[in-house]
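**Student:** My structure is below; once you've seen it, I'll send some questions.
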Amino acid sequence: TVFIITANLAISQTLIQRADTAFARKEYTTAIKLYQDAAKKMKGVDIALINFKIGEAYRLGNNFKDAAPYYDKAIKAGYNDPKAFFNYAEVLTLSGDYGLAKNYYEQYLIIEPDDKIAQKRLENIKLASSKPKEAPIHSVTNVKELNTRYSEYGVAKVREKVIFASSRMDKKSKVYELTGQGFSNFYETQMVQGQWNSPTLCKGGINSEYNDGTFYFEEKTNTGYFMQCNGLQGKDQNCNLFTSVLNESNNTWGPATIFEYNSNKFNIGHPAMTSDGNILFFVSDMQGGKGGSDIWMIKKSASTSIWGSPVNLGDAINTKGNEMFPYVCGDSLLYFASDGHLGYGGLDLFYCKLNKDGSVGQPQNMMPPFNSSGDDFGIIFLSKNSGLFSSNRQGGVGDDDIYAFDLLPVMIIASGTIIDKENKKNIPDATVTLKGNDGTVLTTKSDKDGKYEFKNLKRDINYTLQSSKEKFLTSEEKKFTTNGVKYDKTFNKSNGYDLDLFMIAVTKEEIDIPNIYYDYNKADLRPESKEELDKLVNILKENPKIKIMINSHTDSRGTHAYNQDLSERRAQSVVDYLIEKGIPKESLKSKGWAATSPKIKNAKTEEEHQANRRTTFNILNVEDLK
């Protein structure tokens, strides 16, 4: 019995040594199997340590779900290295178990109270556990026709097509021991009639026998910039940038050429460029960075076309964690992924302002549904409001999956009433025209109650409303904007947007111009009067054939001579203002009536006298307008 126990122990120790060697070589798939075999013959073996190492191998191979139970077993078996608590909390966070993750981060901080990264992770959990301030305005869906049980990531747009990296395997594929999946290669696809074509392996020099990852296409030179790891012969230990030129005639990529800035001492990858091709952003763990991997930029000389020296994007972007997967949108925004800024777990997507010199503003978290407890990264835009990104969030098809995002549709409505300005009655069957600054022109009719409505309006448009009808003057314009509208919204009076349109019937009768005020014994218009007259200006400009008489009336107090002079001066002041605003002089006349035409005869109260002190107009060429 002693001999058998001794033999099993020797076998276990041999398996552990082989597993440790595989682990050191980053052959995590092999290491896991050897550790598990050793654990089966575990008498005399430190099972707590073995479980911790299995957890580490799964985590480093990006298999967080399978890593978690092994960390749990290790800790329960007495493994008390602080790394076990921290790394267990990490994979729990990535799996979305924020409550348990918080517990293990706190246990870790009891041992290592000054660890800034662990403190930041607790802040992340607090953010992720809080209720969102606003509902999402984008939908996010798994693009299942592009995804497999392996990893799909690093999406790039190449003219009408999309290229992405995948570690999917076929019968000829070699296993990449770090992940247990295939070596990643580039595949291409294209959307046809709303459906993605089945992905096909890209032809030519951008695919090697080893790991080919993130990609950027420079349209002007037909050049692809991409990351390749392990070297074209598989002998290198790091990643570098390569270039390849697309032959569009046969859809084949030329030979891979290493980018002029490269190294065998550190990693370089994740290319992104400005549209002029003069600034290249990339990711590296080179010396002089802020933490793990940082985003750097390199500029091309305008005179020599030679690339300069790399510049770190600085503390605004780079942290002690990892920043990667840069993407330039419209030369004005830089998108990237980070696990060092405040986020929801793993890599989160961020964006910041990008200045012409390559400097950047403060990053903003893109929030859910873009960000989750898992890794979210590699965003690109296919249109203004839609695009693709990658994530290993819960509920996916496999490892890293490609997700599509689209701006959620909203119902934007504008409604109001068409009203006779003089008698305040609603006007049915009036034509209402809505114009947008994007060229949109919509029309509708007011119903029997004078009401109108426009549905399905667009976001971020400035709109103008106007109504017209036979025997009425075209109304003044009303304006509103849908800029910044995120959710369903109705523009109407009850929501604080008065879109009622007032029309003036073509009649010989006098029409009141309300709110025209003067100081005592003066004919100068007060500021509040001009606001109302501006509405009349708009109506006159919309109806250029109209000719009008401006009438001014006083109350009966004072002598006739005094009131006559005052009313004439006041009527003329209105005409002068209208001319100043661009109304032709020949379209206007004025008359002062003193107190000869009261609205209320024998007025006694101040309110009645006020009603008689009024400014009106009447149409002089009624017959021409009917």
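**Student:** Given (1) open to solvent by less than 60 Å² (accessible area, probe 1.4 Å); (2) more than 19 Å from Phe164 (Cβ to Cβ); (3) under 28 Å from the mean Cα position of the chain (by Cα), identify the lone condition not met by Asn240.
**Tutor:** Asn240 satisfies all of (1) open to solvent by less than 60 Å² (accessible area, probe 1.4 Å); (2) more than 19 Å from Phe164 (Cβ to Cβ); (3) under 28 Å from the mean Cα position of the chain (by Cα) except (3).
**Student:** At pLDDT below 90, assigned to a helix (DSSP H, G or I) and either open to solvent by 60 Å² or more (accessible area, probe 1.4 Å) or touching a strand residue (DSSP E or B) at 6+ places or on another chain (Cβ under 6 Å) (or both) - does that describe any residue in the range 577-590? Break it down stepwise before answering.
**Tutor:** Taking the range 577-590 first, the residues at pLDDT below 90 are none.
Within the range 577-590, not a single residue is at pLDDT below 90, assigned to a helix (DSSP H, G or I) and either open to solvent by 60 Å² or more (accessible area, probe 1.4 Å) or touching a strand residue (DSSP E or B) at 6+ places or on another chain (Cβ under 6 Å) (or both).
**Student:** Next question, about the same structure. Give the residue that is farthest from Glu209 (Cα to Cα), with candidates limited to residues of the range 246-255 that are at pLDDT 95 or above and either surrounded by 17 or more Cβ atoms within 10 Å (Cβ to Cβ) or among the small types (Gly, Ala, Ser) (or both).
**Tutor:** Only one residue fits best here, namely Leu246.
**Student:** Condition first: open to solvent by less than 20 Å² (accessible area, probe 1.4 Å) and farther than 17 Å from His341 by Cβ. Now tell me which residues in the range 287-296 satisfy that. Show your work before the answer.
**Tutor:** We begin by selecting, within the range 287-296, every residue open to solvent by less than 20 Å² (accessible area, probe 1.4 Å); these are 293-296.
Trp296, the sole residue that qualifies.
Okay, residues lined up against (1) in a strand (DSSP E or B); (2) within 19 Å of Met503 (Cβ to Cβ):
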{"residue": "Gly396", "(1), (2)": "no, no"}
{"residue": "Asp406", "(1), (2)": "yes, no"}
{"residue": "Pro409", "(1), (2)": "no, no"}
{"residue": "Ile413", "(1), (2)": "yes, no"}
{"residue": "Ile418", "(1), (2)": "yes, yes"}
{"residue": "Lys424", "(1), (2)": "no, yes"}
{"residue": "Gly439", "(1), (2)": "no, no"}
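**Student:** Does Asp46 satisfy being open to solvent by 50 Å² or more (accessible area, probe 1.4 Å), within 13 Å of Ala74 (Cβ to Cβ) and either modelled with pLDDT under 85 or among the acidic types (Asp, Glu) (or both)? So that I can check it myself, show each step before the final result.
**Tutor:** Values: open to solvent by 50 Å² or more (accessible area, probe 1.4 Å): yes; within 13 Å of Ala74 (Cβ to Cβ): yes; either modelled with pLDDT under 85 or among the acidic types (Asp, Glu) (or both): yes.
Considered against the rule, which asks whether it is open to solvent by 50 Å² or more (accessible area, probe 1.4 Å), within 13 Å of Ala74 (Cβ to Cβ) and either modelled with pLDDT under 85 or among the acidic types (Asp, Glu) (or both), Asp46 comes out as yes.
**Student:** Which is in contact with a Pro (Cβ under 7 Å, 6 or more places away or on another chain) and open to solvent by less than 40 Å² (accessible area, probe 1.4 Å), of Tyr187, Tyr216? Write out each step before concluding.
**Tutor:** Working: Tyr216 fails: open to solvent by less than 40 Å² (accessible area, probe 1.4 Å).
Just a single option satisfies the conditions, and that option is Tyr187.
**Student:** Test Asn142 against the criterion of being open to solvent by less than 20 Å² (accessible area, probe 1.4 Å), within 25 Å of the chain's Cα centre (by Cα) and touching a residue at least 40 places away in the same chain (Cβ under 8 Å), and give yes or no.
**Tutor:** Details: open to solvent by less than 20 Å² (accessible area, probe 1.4 Å): no; within 25 Å of the chain's Cα centre (by Cα): yes; touching a residue at least 40 places away in the same chain (Cβ under 8 Å): yes.
So Asn142 fails the test.
**Student:** Would you please list the contacts, defined by Cβ atoms under 6 Å and residues six or more apart or on different chains, that run from a residue in the range 607-622 that is more than 16 Å from Glu568 (Cβ to Cβ) to a residue that is crowded, with 21+ Cβ neighbours inside 10 Å?
**Tutor:** Listed pairs, sorted by first residue: Ile619/Ile548.
**Student:** Would you call Val432 loosely packed, with under 14 Cβ neighbours inside 10 Å and of a type outside the set (S, T, N, Q)? Walk me through it before giving the result.
**Tutor:** Values: loosely packed, with under 14 Cβ neighbours inside 10 Å: no; of a type outside the set (S, T, N, Q): yes.
The answer is no for Val432.
**Student:** Here's another thing I want to ask about it. Taking only the range 413-427 into account, find how many residues are within 13 Å of Leu473 (Cβ to Cβ) and surrounded by fewer than 20 Cβ atoms within 10 Å (Cβ to Cβ).
**Tutor:** Adding up the residues that qualify gives 2.
**Student:** Condition first: closer than 30 Å to Gly395 by Cβ, open to solvent by 30 Å² or more (accessible area, probe 1.4 Å) and not in a helix (DSSP H, G or I). Can you find one or more residues in the range 73-88 that meet it?
**Tutor:** Checking the range 73-88: not a single residue is closer than 30 Å to Gly395 by Cβ, open to solvent by 30 Å² or more (accessible area, probe 1.4 Å) and not in a helix (DSSP H, G or I).
**Student:** In addition: Could you list all residues from the range 500-519 that are assigned to a loop (DSSP other than H, G, I, E, B) and hydrophobic (A, V, I, L, M, F, W, C)?
**Tutor:** Filtering the range 500-519 down to residues assigned to a loop (DSSP other than H, G, I, E, B) leaves 500, 506-510, 513-517, 519.
Within the range 500-519, Val506, Ile513, Ile516 meet the criteria.
**Student:** Now for a different question. Which of the residues spanning the range 355-369 are touching a residue at least 60 places away in the same chain (Cβ under 8 Å) and open to solvent by 10 Å² or more (accessible area, probe 1.4 Å)? Walk me through it before giving the result.
**Tutor:** First pass over the range 355-369, keeping only residues touching a residue at least 60 places away in the same chain (Cβ under 8 Å): 358, 367-369.
Hits for the range 355-369 are Met367, Pro368, Pro369.
**Student:** Can I ask one more? Quick one: how many residues across the range 466-496 are touching a residue at least 40 places away in the same chain (Cβ under 8 Å), assigned to a loop (DSSP other than H, G, I, E, B), surrounded by fewer than 17 Cβ atoms within 10 Å (Cβ to Cβ) and not acidic (Asp, Glu)?
**Tutor:** Counting residues in the range 466-496 that are touching a residue at least 40 places away in the same chain (Cβ under 8 Å), assigned to a loop (DSSP other than H, G, I, E, B), surrounded by fewer than 17 Cβ atoms within 10 Å (Cβ to Cβ) and not acidic (Asp, Glu) gives 3.
**Student:** Counting just the residues of the range 324-341 that are open to solvent by 40 Å² or more (accessible area, probe 1.4 Å) and at pLDDT 95 or above, which one comes out farthest from Phe282 (Cα to Cα)? Give the derivation first.
**Tutor:** Of the range 324-341, the ones open to solvent by 40 Å² or more (accessible area, probe 1.4 Å) are 327, 330-333.
Filter once more, so that each one left must be at pLDDT 95 or above: 327, 333.
Working: Tyr327: 10, Leu333: 15 Å.
Per the criteria, the residue is Leu333.
**Student:** Answer yes or no as to whether Asn62 is within 23 Å of Ser338 (Cα to Cα), surrounded by 16 or more Cβ atoms within 10 Å (Cβ to Cβ) and not hydrophobic (A, V, I, L, M, F, W, C). So that I can check it myself, show each step before the final result.
**Tutor:** On the way: within 23 Å of Ser338 (Cα to Cα): yes; surrounded by 16 or more Cβ atoms within 10 Å (Cβ to Cβ): yes; not hydrophobic (A, V, I, L, M, F, W, C): yes.
Taking the combined requirement at face value, the residue satisfies it.
The values are calculated or read from the model by the stated rules, or taken from the named source; none is laboratory data. The shown structure was predicted, so the numbers you read here are calculated from the model rather than taken from an experiment. Glycine gets a Cβ as well: all are built from the backbone with ideal geometry, and neighbour counts include every protein chain shown. Accessible surface areas use protein heavy atoms only, side chains included; no ligands, DNA or RNA. Shrake-Rupley method; radii C 1.70, N 1.55, O 1.52, S 1.80 Å.
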